[in-house]
Ligand code: SIN
């Protein structure tokens, strides 16, 4: 058994910010199931929303966030995160993150849907990559941080499962060392889940392969409260191309004047919202869904050809080059786009310090549900949340540790991993089939427009799939594929159960059977115990 003062799972902005701050207080182990470079953060194009100009204010940013959140944001949390943003941005700049600036040195701020001011700080169209690279370099250089790649966190160990049980609290983790195929037991008083979201639950997504809902599934199995999982954000503009499945066309293009048009080149957003192409994402995604159904075409188009080629290649080099490679010259051709699953607004319920309902367990970033996003996230608020809540979580965890007597004595052994059968999986085809089936059924039955019937159908199928996956989990030697499938199904089931429970249409949850907002402004909440 290994002991660390802090264990962090995940290497996006949340995980590495926690690690760097926690390392000021003790030894930190950071676990990630692939390489540190693979995170949702690294794929973020748009940027970080943060008040930085004289014509903007915290009040305006708070108001825009509340407006997008459709009555389910926690206003105190929104205000805290928005107002602590500039300090966290300064720290990123100290680490070397280069945000784009204008000739006079002021930040080059862009706009995205739902923002009434230019406030999105960015590094061309690869902001996430810039942030991720600088954080990884700092973590590698830190003597108190041990970074373990290809280590899959399987399950949390809580005192509820031990004889020592004055309170239920988190005391460790089982982790699969994927290189050796061995499970190790790791012990820590303070565990931070920073595993991102679960976009891979859907057939079409802008998320990387790692986004399989691992943190939510693990916390759910341990008994943590999970909230608001019905609110899955569909990004309106994912590239539509047979060769490239999950490439995002940043909303910042619309911030710089790109317009959505149908196959005949006609604008359509004016039919749906006065803010047209810059309306909040739930509205734009639904409008595109409707236009695709109306015209029978496979996609709509995003047209930025009014901008000079030089501007496009300088401001959006990644998008321009990727499209050009596929034969689309964004300076003259409209870009084919479709909506795709992008962000999980719900997650492990936490306070503004990332503290979950289980002592010693923190959730930071997309995996957590602080109350910032409510029923619909305002664009580019998520990297901001990751940085601010990481800072607060470490402060909370280190302060609380001094007064918390609920930890079992260090001499208390944690139970070692019990593997079921030791046979190797003989039929990988079943795993891949189930994986595809979950993603397809979630897309067909639980995406942008929902109905009671479709949700019930999805719930039934998921129950059967869960039984099959559990047979695999208990019957064979565990592998990354089995673990991801198990988490994917847990996450999908939580989305469906939360969607069934919300009998109204609000923010990202839109159902033909319950149009309009009816329910009181309460979050959905689920816990196994
Ligand atoms: C984008 O660049 O459109 C994505 C930004 C975000 O999801 O916050």
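Relative contact order of the chain, please, whole-number percent, based on alpha carbon pairs below 8 angstrom and at least 6 residues apart.
For the chain, the relative contact order is 21 percent.
When a footprinting reagent is the concern and you count Cβ atoms within 10 Å, what order do 505, 53 take, fewest first?
Taking fewest neighbouring Cβ atoms as first place, the list is 53, 505.
Compute the orientation-averaged projected area for region 107-172 from the convex hull of its Cα atoms and round it to one decimal in nm².
One quarter of the hull surface, i.e. the mean projection, equals 9.2 nm².
To the nearest 10 degrees, how steeply does helix 13-22 sit against the main Cα axis of the chain, on a 0 to 90 scale?
Relative to the chain, helix 13-22 is tipped by roughly 40 degrees.
Looking at the chain only, what percent of DSSP beta bridges run antiparallel? Nearest 5 please.
In the chain, DSSP labels about 65 percent of beta bridges as antiparallel.
Using alpha-carbon positions, what is the distance between the centroids of region 89-166 and region 250-273, in Å?
30
Using Cα-Cα distances under 8 Å and only pairs 6 or more residues apart, what relative contact order does region 149-278 have, in percent?
14
Once a ≥ b ≥ c are taken as the square roots of the eigenvalues of the Cα gyration tensor of region 219-283, is the result rounded (a/c under 1.5), prolate (a/b larger than b/c) or oblate (a/b not larger than b/c)?
prolate
Based on the Kirkwood radius over alpha-carbon pairs, what value in µm²/s does the Stokes-Einstein equation return for the translational diffusion coefficient of the chain at 4 °C and 1.567 mPa s?
Estimated diffusion coefficient is 56 µm²/s.
Roughly how far apart, in whole Å, are the Cα centres of region 423-445 and region 27-77?
Their Cα centres are 32 Å away from one another.
Arranged by the count of other C-beta atoms within 10 angstrom, fewest first, what order do 311, 99 take?
311, 99
Round to the nearest 10 and give me the degree value, 0 to 90, for the angle of helix 58-68's Cα axis relative to the longest principal axis of the chain.
90
Divide by every residue of the chain the summed helix terms, -39500 (n - 2.57) for each DSSP H run of at least 4, and state the resulting mean residue ellipticity at 222 nm, rounded to the nearest 500 deg cm²/dmol.
-11500 deg cm²/dmol
So how far, in whole Å, is the C-alpha centre of region 324-396 from the one of region 476-497?
What the calculation gives is 21 Å, centre to centre.
Sorted by mean Cβ packing within 10 Å, highest first, what order do the peptides 361-374, 337-350, 202-215 take?
The peptides rank, most packed first, as 361-374, 337-350, 202-215.
What ranking do 428-434, 64-70, 272-278, 237-243 get when scored by the average of other Cβ atoms within 10 Å per residue, highest first?
Ranked from most to least packed, the peptides come out as 64-70, 237-243, 272-278, 428-434.
Return one number: the angle in degrees, 0 to 90 and rounded to the nearest 10, between the long axis of the Cα atoms of helix 281-295 and the longest principal axis of the Cα atoms of the chain.
Approximately 60 degrees, to the nearest 10.
Which whole-number percentage describes the relative contact order of region 311-364, with Cα contacts under 8 Å and a sequence gap of 6 or more?
17
Every number here is computed from the coordinates shown, using simple stated rules; none is lab data. The structure presented is a predicted model; accordingly, all values stated were derived computationally and were not measured. Every residue, glycine among them, receives a Cβ derived from its backbone with ideal geometry; neighbour counts consider all protein chains shown.
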